[in-house]
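Here's the structure, in structure tokens; my notes come after.
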Amino acid sequence: MSKSLRNTFLVHAVVAVLAGLPMLIVPGRWLDVFGWMPIDPIMTRLVGAALLALGWGSFRGWRAAVRGDVEILIQVEAVFTVLSTLALLRHLTGGSWPWYVWAMFIVFLLFAIAWIYHLVRK
């Protein structure tokens, strides 16, 4: 497995845990830091759980030795990040949003590009 793919898995695992853990444990306090209120704590916790699950998958991908063992995971990561990028873009084109929404868009876009690159590179 290539070093760049391993690095992508590692960076994604760290970002997913850093974003997902506070969303799962303290959704109101975490989103209040960004002034993102009111929130639905149930949906926020579900998104946090999903991010942690993807982070776990990326951790397992980082530890894998053979690319064939992570092919499906790369596809899942690519689909998730592309759809997230499109979802954020839909909102960003229709209004004025704070800097952190744009930052989320850029992070998802960079991961989408990285996963697609690794998907077609084989």
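Structure values in brief
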quantity: Gyration tensor verdict on segment 44-90 (Cα atoms; rounded if a/c is under 1.5, prolate if a/b is larger than b/c, oblate otherwise); calculated: oblate
quantity: Accessible area of segment 4-54 divided out per residue, in Å², using a probe of 1.4 angstrom; calculated: 58
quantity: Gap separating the Cα centres of segment 63-86 and segment 10-62, nearest whole Å; calculated: 18
quantity: Relative contact order computed over the chain (Cα-Cα under 8 Å; 6+ residues apart), in percent; calculated: 28
quantity: Gyration tensor (alpha-carbon) shape descriptor, segment 18-122, a/c threshold 1.5; calculated: oblate
quantity: Residue-averaged 222 nm ellipticity for the chain, from DSSP H runs of 4+ at -39500 (n - 2.57), nearest 500; calculated: -27500 deg cm²/dmol
quantity: Ranked packing of 98-107, 76-85, most packed first, by mean Cβ within 10 Å; calculated: 76-85, 98-107
quantity: Carbon + sulfur, % of accessible area of the chain - ligands and nucleic acids excluded, 1.4 Å; calculated: 72
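The values are calculated or read from the model by the stated rules, or taken from the named source; none is laboratory data. Because the structure is predicted, anything quoted here is derived from the model rather than measured. Positions of Cβ are backbone-derived with ideal geometry, glycine not excepted, and every protein chain shown enters the neighbour counts. Each accessible area value is taken on the protein alone, full model and side chains, heavy atoms only, with ligands, DNA and RNA left out. Shrake-Rupley method; radii C 1.70, N 1.55, O 1.52, S 1.80 Å.
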